[in-house]
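A short worksheet on the structure shown next.
The values are calculated or read from the model by the stated rules, or taken from the named source; none is laboratory data. Every value quoted in this text rests on a predicted model; they were computed, and no experiment measured them. Every residue, glycine as well, gets a Cβ built from its backbone with ideal geometry; the counts of neighbours run over all protein chains shown.
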Amino acid sequence: MDDARIWNFEEELWVGGKDAYDRKVSDDCLMALPERPYVFTGTAAKEGVKNTPQWDEVIFADKAVARPEEGLIVIAYRAKASRGKEHYHALCTSTLRRLSHEEWKVVQHQQTPFDTSVAPPS
């Protein structure tokens, strides 16, 4: 997958809603998100993000792409998302795994929001 397709793929996850998660997030995905329970595994990761409101727009900055081996892509970026008057700014990573020629799924995603305190583990 070339870089332009990678960023289009990731953008759809931010603005595409529940359908995008169903199509693009693996059932064995791991996610670290700034809300309880903070670490999401398996289908709980997929279901957890499906319940968040979709963003109207997202802009990526400081984009980095690594291809550590065939069929595996790791990206890191800064996201600025908005919907109406609400804004969100975070550092993110995602890992995509190729399942077949044109089929890719997210197997890892992490977000660290700017200007947000995350409660210490309990």
Review point. Which condition number in (1) modelled with pLDDT under 95; (2) surrounded by 13 or more Cβ atoms within 10 Å (Cβ to Cβ) is the one that residue 117 fails?
Key: (2)
Check your understanding: Quick one: in segment 75-116, which of the residues that are assigned to a strand (DSSP E or B) and acidic (Asp, Glu) is nearest to residue 38 (Cα to Cα)?
Key -> 86
Check your understanding: Just wondering, is there one or more residues in segment 60-73 that are buried (at least 18 other Cβ atoms within 10 Å of the Cβ), at pLDDT 95 or above and of a type in the set (A, V, I, L, M)?
Key -> yes
Review point. Cβ-Cβ below 8 Å, separation at least six or inter-chain, first residue in segment 27-52 and at positive phi, second modelled with pLDDT under 80: which pairs?
Key: 38/118; 38/121
Check your understanding: Would it be correct to say that residue 65 is closer than 18 Å to residue 7 by Cα, in contact (Cβ under 8 Å) with a residue 12 or more places away in the chain and in contact with a helix residue (DSSP H, G or I) (Cβ under 6 Å, 6 or more places away or on another chain)?
Key -> yes
Review point. So which residues in segment 14-57 are more than 12 Å from the chain's Cα centre (by Cα) and in a strand (DSSP E or B)?
Key: 27, 28, 39, 40, 41, 57
Study note, to complete from the structure: When (1) loosely packed, with under 12 Cβ neighbours inside 10 Å; (2) under 11 Å from the mean Cα position of the chain (by Cα) are applied to residue 10, the one that fails is (1)
Point to revise | Which numbered condition residue 20 fails, given (1) out of contact with any strand residue (DSSP E or B) (no Cβ under 6 Å at 6 or more places or on another chain); (2) surrounded by 14 or more Cβ atoms within 10 Å (Cβ to Cβ); (3) of a type in the set (Gly, Ala, Ser); (4) more than 24 Å from residue 1 (Cα to Cα) | key: (4)
